[in-house]
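The values are calculated or read from the model by the stated rules, or taken from the named source; none is laboratory data. These numbers were taken from a predicted model, which means no experiment stands behind them. Counting neighbours? That spans all protein chains shown, and the Cβs are built from the backbone with ideal geometry, glycine included.
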Amino acid sequence: MSNTANLELEGKTYSLPVVSGSENEKAIAIGSLRDTTGYITLDDGYGNTGSCSSKITFIDGEKGILRYRGIPIEELSEKSSFIETAYLLIYGELPDHAQLRAFSDLLTQNANLHEDMKHHFEGFPPNAHPMAILSAMINASSCFYPGLMGRANKERFDIHAARLLSQVRTIAAFSYRKSRGLPTMYPKPVYKYTANFLHMMFSEPYQDYQLKPEVVKALDLIFLLHADHEQNCSTATVRMVASSQANLFACAAAGVCALWGPLHGGANQAVIEMLQDIHESGDDGSRFIQAAKDKNSGQKLMGFGHRVYKNYDPRAKIIKVACDNLLNTLHVSDPLLDIAKHLEEAALRDDYFVSRKLYPNVDFYSGIIMRALGIPVEMFTVIFAIGRMPGWIANFKEILDDPKSRIYRPRQVYQGPTLRPYVSIDQRP
Ligand code: ACO
């Protein structure tokens, strides 16, 4: 196989290097294209653009494969925990006992927010969306740790990463409590990561939340399944901001904003709202599927389709089974689960979805688990953000550690007016 690609332009042939990934994906390196030819490439929405080389996560969208640092998501979801997986993503290897203990201790020591940050929560209106609060408060945290990090502060990476990973969960729980007019609950050092989050969400000053192992496990799994997903919209945003050498907290706050939209992480909330609408309208989903196929309706089957997966999203497979198991164990019957299953079956029989290779994605069933755990719908995307934090931190670290890293700065093909004179206001038509 040749390791160059030839490009013919205006009667000249140019040789471009072909780059192979460790899983044999191929890319044509076009870094010198503009210098040598005067041309750039155009790829609206980046469907064919590799924005970086990365060693963190591998996806084969045609086969429905997802691996973190080479380890299949199926194995991690069965054998690992969110925090062990976070370590794997950030540092590249599974930790030994001592490393895991040290990492876990660092998270525990950094779980509390600076006390003065509590005043900032007071400024948000009661109905503020928790994603707005999350992004604002992550960014605000950097004010409390001056000199947070630029390249010069590389040696402080471990502590800042642990602080962010630990505090995102505290901020999320505080914003929920604030939105309900409830007193904030401080983290308890005796609890592990996910149990502590549930405690901060649902304990009361006079009564601790009763932690059920199956509930903790289900939420831990949700976090783990969201932990990274290569160059999706929010991670690419984090890398974009990181490339300007902004600090880790600023990058993560930008990631939260990118995640918020309904075409990305906001889809988990949109799925439940869609299922609820179908339930309340008494439809079995058929009318909704018809509307989703009609481009003029403005509706989509939320939780279906993916830029990369042209097969069943492996995370959705795992979540579907976990969802069934959890609801059985908790003896919960949720009509929305029946509607979701019906929609899935109907869509997977329908030529519109089959021919476009539209399958359920991670968001299709995750909301039903979260409902069963008592997590309110407006917090769903926040849960996604907590889960995605290790991936964002790992991608940030890749940029921090790369001595050749340079600012991300895409180009464009300008389609606006060509040169024209300024016309003074009284002479304009
Ligand atoms: N319902 C109906 N039609 C759909 C859907 C859907 N959910 N998804 C894609 N299509 C159609 C498109 O209209 C398009 O049809 P066409 O070829 O006739 O024009 C075709 O399928 C290809 O879709 P694109 O929009 O080109 O796919 P793209 O890669 O740009 O978008 C996305 C992917 C945003 C995920 C899209 O499938 C979607 O909007 N899905 C619903 C929202 C969702 O679930 N988002 C979560 C994604 S996973 C995540 O971020 C965690």
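Look at residue 334 and say whether it is crowded, with 16+ Cβ neighbours inside 10 Å, more than 8 Å from the ligand (Cβ to nearest atom) and farther than 16 Å from residue 220 by Cα. Criteria met by residue 334. Residue 300 fulfils the conditions (1) crowded, with 16+ Cβ neighbours inside 10 Å; (2) in contact (Cβ under 8 Å) with a residue 24 or more places away in the chain except for a single criterion, (2). Among the conditions (1) more than 29 Å from residue 243 (Cα to Cα); (2) modelled with pLDDT under 95; (3) outside any loop (DSSP other than H, G, I, E, B); (4) charged (D, E, K, R), the only one that residue 158 does not satisfy is (1). Could you pull out the residue among 365, 352 that is of a type in the set (Phe, Trp, Tyr), surrounded by fewer than 21 Cβ atoms within 10 Å (Cβ to Cβ) and within 13 Å of the ligand (Cβ to nearest atom)? It is 352. There is at least one residue in the stretch 93-107 that is under 28 Å from the mean Cα position of the chain (by Cα) and closer than 30 Å to residue 407 by Cβ. For beta carbons closer than 7 Å, sequence separation of 6+ or different chains, a first residue in the stretch 9-32 that is within 13 Å of residue 53 (Cβ to Cβ) and a second that is aromatic (Phe, Trp, Tyr), the qualifying pairs are 23/58. In the set (1) within 13 Å of the ligand (Cβ to nearest atom); (2) touching a Gly at 6+ places or on another chain (Cβ under 6 Å), residue 315 fails one condition alone, (2). Within the option set 340, 347, being more than 9 Å from the ligand (Cβ to nearest atom), surrounded by 14 or more Cβ atoms within 10 Å (Cβ to Cβ) and not charged (D, E, K, R) holds for one residue only, 340. Only a single criterion out of (1) at pLDDT 95 or above; (2) among the polar types (S, T, N, Q); (3) over 20 Å from the mean Cα position of the chain (by Cα); (4) closer than 30 Å to residue 40 by Cβ is not satisfied by residue 395, namely (3). The strands (runs of 3 or more DSSP E) found wholly in the stretch 6-124 and carrying at least 3 residues that are touching a Ser or Thr at 6+ places or on another chain (Cβ under 8 Å) and closer than 27 Å to residue 388 by Cβ occupy 65-68.
Of the residues that make up the stretch 307-314, is at least one farther than 18 Å from residue 383 by Cβ, at pLDDT below 95, surrounded by fewer than 22 Cβ atoms within 10 Å (Cβ to Cβ) and aliphatic (A, V, I, L, M)? Yes. Cβ separations smaller than 7 Å between residues 6+ apart or across chains give no pair from the stretch 225-236 residues that are closer than 16 Å to residue 383 by Cα and without any contact (Cβ under 8 Å) to a residue 24 or more places away in the chain to residues that are within 12 Å of the ligand (Cβ to nearest atom) and in a helix (DSSP H, G or I). For first residues located in the stretch 118-135 and within 19 Å of residue 260 (Cβ to Cβ), partners that are of a type in the set (Asp, Glu) and lie 6+ apart or on another chain with Cβ distances below 7 Å form the pairs 129/378; 130/378. Considering 176, 186, the condition of being in contact (Cβ under 8 Å) with a residue 24 or more places away in the chain, in a loop (DSSP other than H, G, I, E, B) and of a type in the set (Phe, Trp, Tyr) is satisfied by 186 alone.
Of the helices (runs of 4 or more DSSP H) entirely within the stretch 203-284, those holding at least 1 residues that are more than 16 Å from the ligand (Cβ to nearest atom), out of contact with any Lys or Arg (no Cβ under 9 Å at 6 or more places or on another chain) and within 21 Å of residue 169 (Cα to Cα) occupy 213-225, 248-260. Checking each residue in the stretch 377-429 for being among the hydrophobic types (A, V, I, L, M, F, W, C), assigned to a helix (DSSP H, G or I) and without any contact (Cβ under 8 Å) to a residue 12 or more places away in the chain picks out only 425.
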